[in-house]
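Okay, structure first, notes after.
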Amino acid sequence: TSPKIKVDYDQTTGVAVMHMQSPPVNSLSLDFLTELCISLEKLEMDKGCRGLIITSNQPKVFSAGLDILEMYGKSPEHCGEFWKVVQEMWLKLYGSNMVTIAAINGSSPAGGCLLSLTCDYRIMADNPLYSIGLNETQLGIVAPFWFKETMVNTVGHRNTEVALQLGLLYKPAEALKIGLVDQLVPEDQVFSVATQTMTKWLTIPEHARQITKSMMRNPTIDKLRTNREADIQNFVSFITKESIQKSLRMYMEMLKQRKA
Ligand code: CO8
């Protein structure tokens with residue numbers, strides 16, 4: 001099978017680019033997330049690699065979020081294995097020593113939004129056809145505490161309270177207004193602006209920036225680190241409930257109907 005993520009690493013600039021290329025919508029499957037974690041580990045180990053830009057090679061979509069098929073009709077063991085790698089992805093990215101920038105060139109619901117929230121800076125294509133947000137409640141599921149806290153850490157308590165209860169998906173202009181993204185640019189400039197922004201961030205003394213980043217993020221990261229097993233158990237018992245499985249099925253049917 002072809003790689004779901006293409007990594008371009010430029011040794012002269014110290015900047016790596018991850019192109020997500022898992023058709024059709026870069027859904028975060030077990031395989032995708034495993035590949036992402038392995039790529040991250042390699043980059044993190046390379047001391048010359050100081051910056052990471054994450055973007056999509058799929059048209060119109062940054063990432064459709066967690067692959068619903070990994071959570072539907074699967075055994076508790078499978079769900080647990082899947083959740084572990086979702087945690088791993090978040091722990092690695094939210095705690096990364098690199099400067100991380102999301103170049104959001106398409107829609108980014110749920111897990112896709114979480115992925116971009118782990119970055120230090122978000123640049124989104126100013127296209128009203130795209131949306132971003134933690135829409136979990138619309139699927140009848142609940143964003144776990146670390147999704148919620150990542151959101152609170154970005155847009156504050158009140159915005160999160162409304163966004164998560166209603167499962168809001170924001171158009172770019174609204175996302176900018178609440179600080180869910182940092183900058184909107186014309187679609188064809190998302191990547192070039194991300195590169196320019198990276199250059200600026202990389203001028204800051206690295207050690208000072210890294211310590212500051214971990215000071216901001218470690219309280220949230222530590223909470224998951226010390227509760228990983230319980231969080232997996234929670235997820236598995238929740239997602240395998242008959243009523244939740246039914247919600248997921250209805251949501252998938254809705255996606256198909258919308259298409260027809
Ligand atoms: N997982 C699996 N398959 C998906 C997903 C997904 N997340 N999203 C889309 N697909 C499938 C579609 O069903 C469709 O399949 P098919 O071709 O077989 O009909 C195919 O991908 C293409 O999708 P669309 O035709 O809808 O493509 P569009 O370009 O029109 O739209 C969107 C792209 C906007 C991304 C749209 O597909 C969409 O809104 N998808 C759903 C996104 C979503 O709501 N994801 C939530 C996933 S849950 C999550 O990430 C966090 C869960 C936290 C768990 C907590 C529990 C305790």
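Where a number appears in this text, it was derived from the coordinates with a stated rule and is not lab data. This structure is a prediction, so every number in the text was calculated from the model and none was measured. In this analysis, Cβ positions are derived from the backbone assuming ideal geometry, glycine residues included, and neighbour counts consider all displayed protein chains.
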(message) Which of the three applies to the range 69-124, rounded, prolate or oblate, going by the alpha-carbon gyration tensor with a ≥ b ≥ c and a/c under 1.5 meaning rounded?
(response) oblate
(message) Need one number: convex hull volume per residue for the range 5-201, Cα atoms only, in Å³.
(response) 108 Å³
(request) Apply the Karplus parameterisation 6.51 cos²θ - 1.76 cosθ + 1.60, with θ equal to phi minus 60°, to every residue of the range 198-211 and state each ³J(HN,Hα) to the nearest whole Hz, in sequence, with x for glycine and proline. (result) 4, 4, 5, 5, 6, 7, 6, x, 4, 5, 4, 5, 4, 5
(request) Considering only 21, 196, 233, give the residue with the highest GNM mean-square fluctuation for the chain, with springs between Cα atoms whenever their separation is below 10 Å. (result) 196
(message) Can you give the FRET efficiency to the nearest 0.05 for residue 157 and residue 214, using r as the Cβ-Cβ distance and R₀ = 22 Å?
(response) 0.50
(message) Can you give me the long-range amide H partners of residue 56? Hydrogens built in the peptide plane at 1.01 Å from N, cutoff under 5 Å, separation of 5 or more residues or another chain.
(response) 20, 105
(message) Quick check on the range 134-225: take the gyration tensor over C-alpha atoms, sort the square-rooted eigenvalues as a ≥ b ≥ c, and tell me if it's rounded (a/c under 1.5), prolate or oblate.
(response) oblate
(message) If packing is taken as the average count of other Cβ atoms within 10 Å, what order do 214-221, 46-53 fall into, highest mean first?
(response) 46-53, 214-221
(message) Based on alpha-carbon centroids, what's the gap between the range 135-179 and the range 57-86 in Å, whole number please?
(response) 19 Å
(message) Which of the three applies to the range 194-260, rounded, prolate or oblate, going by the alpha-carbon gyration tensor with a ≥ b ≥ c and a/c under 1.5 meaning rounded?
(response) oblate
(request) Report the charge-dipole magnitude of the range 5-201 in Debye, nearest 20, computed about the Cα centre from +1 at each Lys and Arg Cβ and -1 at each Asp and Glu Cβ. (result) 340 debye
(message) Starting from 0.36 nm per residue, how many nanometres of slack lie between residue 247 and residue 201 once their C-alpha separation is accounted for?
(response) 12.3 nm
(request) Set the Förster radius R0 to 30 Å, insert the Cβ-Cβ distance between residue 142 and residue 45 as r into 1/(1 + (r/R0)^6), and round the FRET efficiency to 0.05. (result) 0.30
(request) Please turn the phi angles of the range 223-236 into ³J(HN,Hα) values with the Karplus equation 6.51 cos²θ - 1.76 cosθ + 1.60 (θ = phi - 60°), one per residue in order, whole Hz, x for glycine and proline. (result) 4, 6, 3, 7, 10, 4, 5, 5, 5, 5, 4, 4, 4, 5
(request) For residue 133, enumerate residues with amide H under 5 Å from its amide H, sequence gap 5+ or separate chain, H modeled in the peptide plane. (result) 108, 110, 113, 170
(message) Tell me the mean residue ellipticity at 222 nm calculated for the chain from its helices only (DSSP H runs of n ≥ 4, each -39500 (n - 2.57), averaged over every residue, nearest 500).
(response) -16000 deg cm²/dmol
(message) For a test of understanding, tell me how many lysine pairs in the range 5-201 have Cα atoms under 14 Å apart, given they are 8 or more places apart or on different chains.
(response) 4
